[in-house]
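Beneath this line is the structure, given in structure tokens, with notes to follow.
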Amino acid sequence: MKTTRNAIWIRWTLIAVLLLFGGITLFLSTSVLFDLFGMREKEGNYVQFVVLANFFASIGYFAAAIGLLAHKLWARYPLWMASVILIGTSLGLAWYVSQGGLHEPRTIVAMIFRTVLTSVFYFTAAWIGRSQQQHQPKPTTERP
């Protein structure tokens, strides 16, 4: 019973964090992409493909939150896709920086943080999915 309560608490916490983090990410990435509120100037030397990856990751955060709200086992997959996108973007950023591309130093730290955090989100959602599967009643195979 305690494990079920912990899983419920962790699930709701993850939903809240995904919605909050996804909302902030969506707002910031669209603000830079569409130059809303003068964000491009404030960001300095932003890397456009990193901003695009963050935009797509924010959609994954929202999709995962919706899946978790609906108790769907597929909820972890948008986070897996966001993790793959961010890992690929991190590799692209490393190449871009090594080639002398203009960037802000905080971009590297932010990509590391976001990639690790998204991976933690994925593993937590996968754990929640396994927990949900274990606590669902098994169908009986007896026939009348």
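The values are calculated or read from the model by the stated rules, or taken from the named source; none is laboratory data. Given the structure is predicted, the values throughout are model-derived calculations rather than measurements. When we count neighbours, we look across all protein chains shown, and the Cβ atoms used for this are built from the backbone with ideal geometry, even at glycine.
Observations on the model:
- Qualifying residue in segment 61-69 (condition: under 18 Å from Ser29 (Cα atoms), in contact (Cβ under 8 Å) with a residue 12 or more places away in the chain and not aromatic (Phe, Trp, Tyr)): yes
- Where a residue in segment 31-42 is surrounded by 10 or more Cβ atoms within 10 Å (Cβ to Cβ) and its partner, wherever it lies, is at pLDDT below 85, with Cβ under 7 Å and at least six apart: Ser31/Phe37; Ser31/Met39; Val32/Met39; Val32/Arg40; Val32/Glu43
- For segment 1-30, the candidate set comprises residues that are touching a Leu at 6+ places or on another chain (Cβ under 9 Å) and buried (at least 17 other Cβ atoms within 10 Å of the Cβ); within that set, the residue that is nearest to Trp127 (Cα to Cα) is Arg11.
- Checking Gln132 against (1) without any contact (Cβ under 8 Å) to a residue 24 or more places away in the chain; (2) surrounded by 12 or more Cβ atoms within 10 Å (Cβ to Cβ); (3) closer than 19 Å to Trp9 by Cβ, the condition it does not meet: (1)
- Members of segment 1-22 that are among the small types (Gly, Ala, Ser) and either without any contact (Cβ under 8 Å) to a residue 24 or more places away in the chain or farther than 18 Å from Ala82 by Cβ (or both): Ala7, Ala16
- Selection from segment 60-97 of residues that are β-branched (Val, Ile, Thr) and crowded, with 17+ Cβ neighbours inside 10 Å: Ile85, Thr89
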